[in-house]
Amino acid sequence: MSEWIISSTVLIIFVLIIRYLFRNRFAMRVRYALWLVVALRLLVPVSFLESSFSVMNLVDMEKAEGSFAALLSPEETDTSVEVKSAGGEVQQKESNEPGTGTSVMAQKGEEQTRGMESNGSGAMFREKEEAGMGMGRGKGILTGIWLAGVILSAVTVLTVNTAYRRRVYRSRRKCRTELVSALPVYTSSVVSTPCMFGLIHAAIYLPPRAMEEKKKLKYILCHENTHYRHLDQLWVLVRAVCVCIHWYNPLVWLAAGLARQDCELACDEKTLEVLGEEERINYGRTLLDFSAQGDVFFGEFQLSTAMSGRKKQVKERLMLVIEQPRRYAGTLAITAILAIMISTITFTGKVSGQEQDTDSSADSGMEDRDGETSFEQEDGQKETEHTDKNVETAALVPIDLNDGKEYLLKVGGEVIPEEGYRINRITLNQVHDREEDTLQTILLEEVRCLYTRMADEAESGNGFMWSYAFGEEPLYAKKLYTVEDLPSYTVGQTETKGQVLSHVSDGGILVADLNFDGYQDFCLQGAQEGNQSRNVPYYCYLWNQEESRFEPAYMIPNVGVDGKEKLLVSTTDDGNGIISTKYYRFDDTNCLHMVRYVEENQASDAVFPTLDLTYVETAYTLPAVDEWDNGTVYGGALTERFVQGAKQALTELYEWSGTKIDTVCFSTSAYGDFMFGQKPEDIRASRTFYSRVYGSSAGFEECIESMNLATDRTVWYSPVTQRKVPEQMDEMSDEQLAEWYFGRSALAEGEAAASVRQMTQGEYIVETESGHYYAIYLQPATREMDYIAGPYDGYPNH
């Protein structure tokens, strides 16, 4: 039993180490297969043969079993020692009494010697026999406790799954779908996430909401059918059996949970192979939609597969779906070799006679040259080196610089107690003739989180992008901000030095061609901090071919690479039920531009449950880059300001016209003029159907706010229908109509009209009770409000 516990525990530790070191460098199916080796060791209680490589050669089984027995039979393992004084009196001394260890052991040795001389070998035989009886009773108690735990765990598995089966069968309804499935498909109000349940008669069970979207249903059925083809319904049972047998071992519970996660990762990987690379993003969204939290305690007892998981597990699956991690051909061979080695260590037993040899040598060493028995004790207070110190480590990561030579990134770091792995330094080495030459030492002190210009330059730059000289002005770090943080993030509060990195916690590294120039770049994975724990920062380095060195670039959260579209993808959890994805591209100067923003808002009161914004840069609009402040007060967060302004403008359009536009192209000028068109070529050709100017109220250059709308009744390229008009529109005069439109516009902000005066045909001036003026233009043919601007402090002269 002890050998079974020790060998299986060591095997799990080895697999955990391999899993951590190679992470995403090999196929998920290979990573999942490692747990099959663990399952075999957990289910087979005996070793197959003896080997000098067995881990059991390092363990004294008799002493280990005696320790277990001592815990349960203290009366059989008396720790007191009888010590005879010079007068013949017997004194009791505890062996664990401070300061008496050596003397007590020496006196016990003398007493045992005298006992052997007076009583012969029979006394020693009786002493060993009594100790063996104590160990036997201890083993019996341990075995009884183990069997009780096994029975209780098995009953729990049976009870949980019987109750779950009864509830599911009562509530299930057969689904009719045109999609192909190897298993029958049912809906059930009992299940909170899609799953496959049943060992003999397996079936797919869906929550009712899964039938609402056919495209997502395709991903779900493909995922669960992949589980079926992998025979995962059987491996779920195997995991449950292992947990029941080894209920006492926390590492087995950990292994079962990680095996369950790797099962889902392997299924995701195969499902994406079937669906195709173009379906990655949509599949990831489906995964998010059905990522209900599983039961914490009964998760390993329930015999079903599911798309759900804990937050950290769903996050890992989502990142692997989006990132498309690079696989290394040699990793599989290395993994196979390591698997064979650890199997040899843990599936074999101790070589017979090795323990006896050790004991005999130890006994012989206890006798000195005069034949007298002596006892020596090592200092138990001796400090163990490196116990409380950080452990230095290094890793080698191959990188391709497109010149046919072999390069390695040598990542140096340390394992910090209670913190994990931390990167301190990186060097770029060239390998030739089995030697390495260091070409560059990359210091983390050079890394800045997110670049922008200085605060005082943001105030005096007048907002013109051509005043910015790339590479000449100092760059300063910014933190990762969400939309909710923006109102308080102004120039006056901007840090002037920025946060410098002295280390990168967590220590992950992603190697990929980030700017698609043919040379691989890399990102360092940073630590998760505070309220940004859902968004992992990646600090990017780009290869400068002219300088032959890596240069620090940007911090991008949760970065992924879309090789097909040649874009960087950043999917973040922005809080309040909002999941957003930003798409970036690098220009020729390695400046990062946002080209698209996609948002999923799960809030019940969301105006736009889905929002897809494509940003179009033209000669007269601002670039969507965070270095150029362009006169805004939101330095270093210009793209966030663009997104927030576009969402606000589209919300006002919906409230104004009654038409909801959630997929659109837009651009922004230095005056905060948000212009919207259906296609990028419409923006470039100035075919914009809607414009909203915010000016200084949104941190742009000073100008009068305005709204301009062309509906489908006035231009062919507008998708907007004016649905909100007065019921008695035909009976109203143009002045009354202008006043009605004014009162319902976003610019009025609650002001009441005092008078309406016509200037030219279709153009009217509204004077408010507070003394402000607004200009309104009505389309003569449709009588729809086409344009409104204000407030003016005086009467407009145009």
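Extension gain, Asp612 to Asp400, is 72.8 nm, computed as 0.36 nm per intervening residue step minus the present C-alpha separation.
Centre-to-centre separation between the Cα atoms of the stretch 572-621 and those of the stretch 8-33: 36 Å. Annotation: amide H of Met759 within the under-5 Å range of Tyr764, Ile765, sequence separation 5 or more or interchain, hydrogens built in the peptide plane. Multiplying the residue separation of Thr663 and His593 by 0.36 nm and removing their Cα-Cα distance gives an extension gain of 23.2 nm.
So for each of 645-654, 775-784 I average, over its residues, the number of other beta carbons within 10 Å; can you give me the resulting order with the highest mean first?
645-654, 775-784
The packing ranking of peptides 543-550, 705-712, 341-348, highest mean first, is 705-712, 341-348, 543-550, where packing means the average number of other beta carbon atoms within 10 angstrom of each residue.
Taking amide hydrogens as placed 1.01 Å from N in the peptide plane, the amide H of Ala670 sits under 5 Å from those of Leu622, each at least 5 positions away in sequence or on another chain.
Is there a pair in Lys174/Lys270; Lys564/Lys647; Lys564/Lys724; Lys216/Lys724; Lys174/Lys660; Lys216/Lys564 whose C-alpha atoms are over 32 Å apart, and which pairs would that be? Table pairs above 32 Å Cα-Cα are Lys564/Lys724; Lys216/Lys724; Lys174/Lys660. Amide H contacts of Arg425 (H built 1.01 Å from N, in plane; Pro and chain starts excluded): Gly412 sit under 5 Å, all sequence-distant by 5 or more or on other chains.
Using θ = phi - 60° in the Karplus curve 6.51 cos²θ - 1.76 cosθ + 1.60, the 3J(HN,Hα) couplings for the stretch 406-416 round to 9, 10, 9, 8, 9, 9, x, x, 8, 8, 9 Hz; x is entered for Gly and Pro.
Would you kindly state how much longer the chain becomes between Gln648 and His432 on full extension, computed as 0.36 nm times their sequence separation minus their alpha carbon distance, in nm to one decimal?
Between Gln648 and His432, full extension yields 72.0 nm more.
Across the stretch 250-259, coupling constants 3J(HN,Hα) worked out from phi with the 6.51/-1.76/1.60 Karplus curve, θ = phi - 60°, read x, 5, 5, 4, 4, 4, 5, x, 5, 5 Hz, and Gly and Pro carry x. Within the stretch 729-792, the percentage of alpha carbon pairs spaced more than 20 angstrom apart rounds to 16%.
Laboratory data are not the source of any read-out in this text; all were calculated from the coordinates shown. What you see is a predicted model, and the numbers here were worked out from it, not measured in a lab. Please note: Cβ atoms are built from the backbone with ideal geometry, for glycine as well, and neighbour counts cover all protein chains shown.
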